[in-house]
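Below is one structure, written out as structure tokens; the observations come after it.
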């Protein structure tokens, strides 16, 4: 299979965020994102990447002793990731994906979809999400934040992630969660543990 994706990096680590924090996983970070958020911690993935065939990607992923892959970015839905996800499933991988959810995409072969809304989000992608992860800082619109609360009652994990792990943002998230106990806290544990 010779279809290509622009890949920023592939690395083996632990999931640091969201409901699956702590699991070993191979990260497939695709290049490119048109959102350009000021607080993004993977800005290096916006423009830097190498063209790789699906087969080249599979070969690199399969060198690790793990069969969990997390497709992330940049923004993976800005590339044709779906055929690769299907191929990974056929080869026995568990496939997670992290997306800003700005555009609707075929996620039928994704085992666990995390949507992290930014400037705008597609409601169809929100409905498909297994978890919604919202970055919370001092300038977060708390009224807008409440629009995601109904998804929690529909069985989706709604996680608040303090921007940059800053204490004032952690305190804000804790306060909101204590007032709305169906929410969850998602710290960036990979940064606390000083791992990639």
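For this structure, a couple of remarks:
- Maximal additional length on extending the residue 66-residue 180 stretch stands at 37.4 nm, based on 0.36 nm per residue less the C-alpha distance.
- Put in line by how crowded their Cβ is, counting other Cβ atoms within 10 Å and starting with the fewest, 40, 33, 159 read 40, 33, 159.
- Prolate/oblate/rounded call for segment 1-57, Cα gyration tensor, a/c under 1.5 rounded: oblate
- Cα-based helix-to-principal-axis angle, 167-179 vs the chain, degrees rounded to 10: 70
- Choice from 16, 74, 92 showing the highest fluctuation, given a GNM over the chain with Cα pairs closer than 10 Å: 92
- Sorting the segments 188-195, 43-50 by their mean number of nearby beta carbons within 10 angstrom, highest to lowest, gives 43-50, 188-195.
- Within the listed set 15, 79, 138, the residue fluctuating most in the Gaussian network model of the chain (springs between alpha-carbon atoms under 10 angstrom) is 138.
- Ordered by the count of other Cβ atoms within 10 Å of each Cβ, fewest first, 23, 177, 110 give 23, 177, 110.
- Residue of 97, 35, 125 that the Gaussian network model of the chain assigns the largest fluctuation, springs spanning Cα pairs under 10 Å: 35
Bear in mind these aren't lab numbers, they're just calculated from the coordinates by the rules spelled out. Note that this is a predicted model, so its numbers are computed, not measured. Here Cβ is always computed from backbone atoms with ideal geometry, including for glycine, and neighbour counts include all displayed protein chains.
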